[in-house]
Amino acid sequence: MMKTVIIEDEENAQRLLIKHLKRYCKQVEVVATASTPLEGVKMINQHEPELIFLDVELQQGKGFEVLEALPNRTFQTIFTTAHNKYAVEAFRFQAADYLLKPIDPEELVEAVDRCAARSQKEHPREYEELIQEYRNGSISKIAVPTRYGLAYLWLKDIHYIKSDGNYCCIHLLSDKKPILVTRNLKSFDDLLKSKGFVRIHQSHIINAIHVEEYNRSDGGFVFLSGNIQLEVSKRNRALLLASLGSISETL
C-alpha cells in the first residue's frame with residue numbers, strides 16, 4: 001500500500017478523487033487530507049506518505065509552497081489542477097505526473113501505476129536508513145537517489161559534486177559517467193563535510209583526497225586529479241586550506 005495525502009481545497013474535487021482512488025487504485029491508502037499549504041506540510045510530516053496529490057491553486061496559496069517547505073522529499077507528487085499553464089513549473093518541482101481536472105480515471109490509474117513502479121525501484125526508506133548508518137560512521141559507501149532508482153557509491157570514487165539547481169551532478173573518478181541526483185548541494189554538504197569533503201564554492205563540493213594543487217592566483221583554484229580545475233570562493237578558502245592541512249598531517 002502507498003500511504004497518500006491529498007491536498008485539495010475544493011470539497012467536491014477532494015471527494016471525487018478519493019472515490020476514484022478507492023475504486024480504481026487499490027494500492028493507494030489515503031491517510032490524510034488538507035486544504036491549505038500549511039495543513040499539507042503538517043500532514044506530510046505527520047504521516048510520511050509515499051505519494052501526495054497536490055492541487056496547484058489553493059485558497060490560501062499555491063501548492064508549490066508545500067514542496068518549497070519540504071526540500072528533502074522522499075514522496076512522489078502528482079499535481080491536480082484545472083489549468084495546464086503550471087505544467088512546466090510543476091515538473092521543475094520533480095512532479096511524477098500532472099493531471100487536469102476533471103480527472104480521467106484511466107489517466108489517474110496510469111499515473112498511480114507509474115508512481116508505484118518507481119517507488120518499488122527507489123526504496124526511499126532504504127536510502128534514509130543508509131544515510132543514517134553513514135552518519136554513524138559504519139559504512140564507507142552511500143546510496144543516492146537518482147531519477148531511475150538508487151546509485152551505490154564508494155566515497156573514495158567520488159571526485160566532486162556540482163550543483164544543478166534542485167539537483168546535483170556527482171562526478172566520479174576515471175571515465176565513469178556522472179550521476180544526476182535528486183538532492184540539492186546543501187544536503188550533500190551536511191552529509192559529507194565530516195568525511196573529507198569540502199564545499200569550495202556555492203556550486204561545488206570536492207573530495208579533498210583528490211586535490212593535487214591549490215593556486216592562490218585570481219581568487220583561488222584547486223586542481224584535482226584528472227586535470228580538473230575548479231574555482232574556490234574567498235568565503236570558502238580558509239575551510240579548504242584547513243582541510244588540506246589536516247590531510248597532510250595524516251600522511
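The values are calculated or read from the model by the stated rules, or taken from the named source; none is laboratory data. Nothing here was measured: the structure is a model prediction, and the numbers come from that model. Counting neighbours? That spans all protein chains shown, and the Cβs are built from the backbone with ideal geometry, glycine included. Calculation scope for accessible area: heavy atoms of the full protein, side chains included, ligands and nucleic acids excluded. Shrake-Rupley method; radii C 1.70, N 1.55, O 1.52, S 1.80 Å.
Here are the numbers:
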| read-out | value |
| --- | --- |
| Whichever lysines have a C-alpha closer than 26 Å to that of Lys22, once near sequence neighbours (fewer than 8 apart) are set aside | Lys3, Lys42, Lys101, Lys121 |
| With all protein chains modelled, accessible area of Asp175 [1.4 Å, Å²] | 150 |
| In the stretch 166-251, trypsin sites (Lys or Arg not before Pro) in a DSSP loop with at most 11 other beta-carbon atoms within 10 Å | Arg216 |
